[in-house]
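Remarks on the structure that follows.
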Amino acid sequence: MTKPLFIRRASQLATLKGSSQKPLAGDQMKDLRIVEGGSLWIEDGVIISVGADEELAAKHRSQLQNAELIDADGCLVTPGLVDPHTHLVFAGTREDEFDMRLNGATYMEIMNSGGGIYATTKATQEASEELLYKESAARLDQFLLQGVTTVEAKSGYGLNLETELKQLRVAQRLQNEHAVDLVSTFMGAHAIPREYKENPDAFVDLIIHEMIPKVAELGLAEFNDVFCEHGVFTPAQSKRILEAGLDHGLHPKIHADEIEPYEGAELAAEVGAVSADHLLKASDKGIKRMAEKGVIATLLPGTAFFLMAESANGRKMIDTGVPVALSTDCNPGSSPTLSQQLIMNLGCVKMGMTPAEVLAAATINAAHAIKRGHLVGSLEEGKQADVVIFDLPNYKRLQYQYGVNHVKRVIKKGRTVVHQGRLV
Ligand code: NIG
Ligand code: FE
């Protein structure tokens, strides 16, 4: 039995209470359920009480002597941040392509000439499982140092069964050994391998008949994602792949309308996807259909920023009633960032979201986007004690002072894992 943990008198305790069943939508995203001077009582990794300091001190009076105390005076306390869309497990980097893009080449041109996703696929196929683990764990450390306590990780740099499984095993090992919680997504449909260029449907068949059944049988993923994009997977192929995943218990996700409008948002609504991600070029009709079906829009403003494209219209999506989540899209090509805090700033500056909305998008809605809303993403009784203490007096300062890591302490399942800028 570890000691109870009492985090006391936060200048703002952003609880996001009351949203464990469903993501926040519309005006609900503005209400962070803040308790000023609020405190948290934690036992065995679980939040036991949340609220005014005096109330909690009275309620737990008999255990006070024995508790570990953390003074959060002057600090903002939030749920652990959640990143619901990353390509965490990969080998190699692509700074030369960044240079090519700055000299005028486009993302798709680079990919179609064998770079882009193909370059990372080659590096990932060639990398040992141990190297992949080490490099991914180092990235995960950075996420944690910046306040992220749950991360989704996709495969998709294998494009053959062996390497896809290798990536997913690395994610599984990280889930077992790293403090950050991982949620795995199979994304064999990330690109058409070059040897299938003349017959892409044969690769779709391989995904459907071999990869998905194997991944499901081994229990290596919960979600199934596809890059539905002109020149990659068509909406018809994407639909087949997502439906095949559903037949094997994998929940659908979709990289939708990123580079060109392709009715990806409409498809997400049609197949009942948990989330549609990117959506830079989503149609008004698609956004409306997502709102009707409750599909979460996972927006990735770091990708638009780094590809020098116009961001998705987060403002319009929220106003239409779509629940919005935010994510880094961490990957070596279109968004090599490891900072969910930077993404939150971009959410405000580039997508017209307010500081309250971006905090909701990076916590409870992000948790719902990976089906973890019942477990994390808010500070309420019974939930996992994943907590961030920021060295800031209020949540607006978090997005306002950008490009700085404001984390003072990170608590994961009731245990301090980051303190004073270091992993402990
Ligand atoms: O989400 N759009 C497709 N996939 C990734 C990029 C992958 C890469 O360039 O390596 C994305 O942006
Ligand atoms: Fe992505």
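The values are calculated or read from the model by the stated rules, or taken from the named source; none is laboratory data. Since this is a predicted model, take the numbers as computed values, not measurements. Glycine also receives a Cβ, built like all others from the backbone with ideal geometry; neighbour counts cover every protein chain displayed. Only protein heavy atoms, including side chains, enter the accessible area calculation; ligands, DNA and RNA are left aside. Shrake-Rupley method; radii C 1.70, N 1.55, O 1.52, S 1.80 Å.
Structural remarks
- Residue selected from region 395-424 under the condition among the charged types (D, E, K, R) and under 20 Å from the mean Cα position of the chain (by Cα), by the criterion most open to solvent (accessible area, probe 1.4 Å): LYS413
- Test: residue in region 385-396 that is at pLDDT 95 or above, farther than 20 Å from LYS17 by Cβ and either within 16 Å of ligand 2 (Cβ to nearest atom) or not acidic (Asp, Glu) (or both): yes
- Looking at LEU379, LEU359, LEU392, LEU326, just one residue is open to solvent by less than 10 Å² (accessible area, probe 1.4 Å), within 16 Å of ligand 1 (Cβ to nearest atom) and of a type in the set (A, V, I, L, M), and that residue is LEU326.
- Restricting attention to region 376-406, the residues that are over 19 Å from LEU32 (Cβ atoms) and among the aliphatic types (A, V, I, L, M) total 1.
The rows are residues; the columns are (1) more than 16 Å from ligand 2 (Cβ to nearest atom); (2) acidic (Asp, Glu); (3) under 29 Å from ALA361 (Cα atoms).
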site: THR93; (1), (2), (3): yes, no, yes
site: ASN103; (1), (2), (3): yes, no, no
site: GLY115; (1), (2), (3): yes, no, no
site: LEU131; (1), (2), (3): yes, no, no
site: LYS154; (1), (2), (3): no, no, yes
site: LEU161; (1), (2), (3): yes, no, no
site: ARG169; (1), (2), (3): yes, no, yes
site: HIS178; (1), (2), (3): yes, no, yes
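- Selection count, region 191-228, where residues are open to solvent by less than 10 Å² (accessible area, probe 1.4 Å), part of a loop (DSSP other than H, G, I, E, B) and of a type outside the set (A, V, I, L, M): 1
- Matching residues in region 297-314 - criterion: being under 19 Å from THR354 (Cα atoms), within 15 Å of ligand 2 (Cβ to nearest atom) and buried (at least 24 other Cβ atoms within 10 Å of the Cβ): ALA297, THR298, LEU299, LEU300, PRO301, GLY302, ALA312
- Here is the figure for region 273-293: residues that are among the basic types (Lys, Arg), more than 16 Å from ligand 2 (Cβ to nearest atom) and under 22 Å from the mean Cα position of the chain (by Cα) total 1.
- Qualifying residue in region 163-173 (condition: charged (D, E, K, R), within 30 Å of ALA385 (Cβ to Cβ) and away from ligand 1 (no atom under 16 Å from the Cβ)): yes
- Exactly one residue among ARG33, ARG94 is within 30 Å of ALA105 (Cβ to Cβ) and either at pLDDT 95 or above or under 26 Å from the mean Cα position of the chain (by Cα) (or both), and that residue is ARG94.
- Those helices (runs of 4 or more DSSP H) of region 316-387 in which 2 or more residues are among the polar types (S, T, N, Q) and touching a residue at least 24 places away in the same chain (Cβ under 8 Å) occupy 340-351.
- Entry remark, region 85-104: residues being among the small types (Gly, Ala, Ser) and more than 13 Å from ligand 1 (Cβ to nearest atom) number 1 in total.
- Selection status of GLY352, under 23 Å from LEU13 (Cβ atoms) and not hydroxyl-bearing (Ser, Thr, Tyr): no
- For region 227-272, a tally of residues being over 21 Å from ASN199 (Cα atoms), of a type in the set (Val, Ile, Thr) and within 15 Å of ligand 1 (Cβ to nearest atom) returns 2.
- Within region 392-409, tally of residues that are in contact with a Gly (Cβ under 8 Å, 6 or more places away or on another chain) and over 14 Å from VAL148 (Cα atoms): 2
- Residues (open to solvent by 20 Å² or more (accessible area, probe 1.4 Å) and either farther than 15 Å from THR121 by Cα or aromatic (Phe, Trp, Tyr) (or both)) located in region 156-180: ARG169, GLN172, ARG173, GLN175, ASN176, GLU177, HIS178, ALA179
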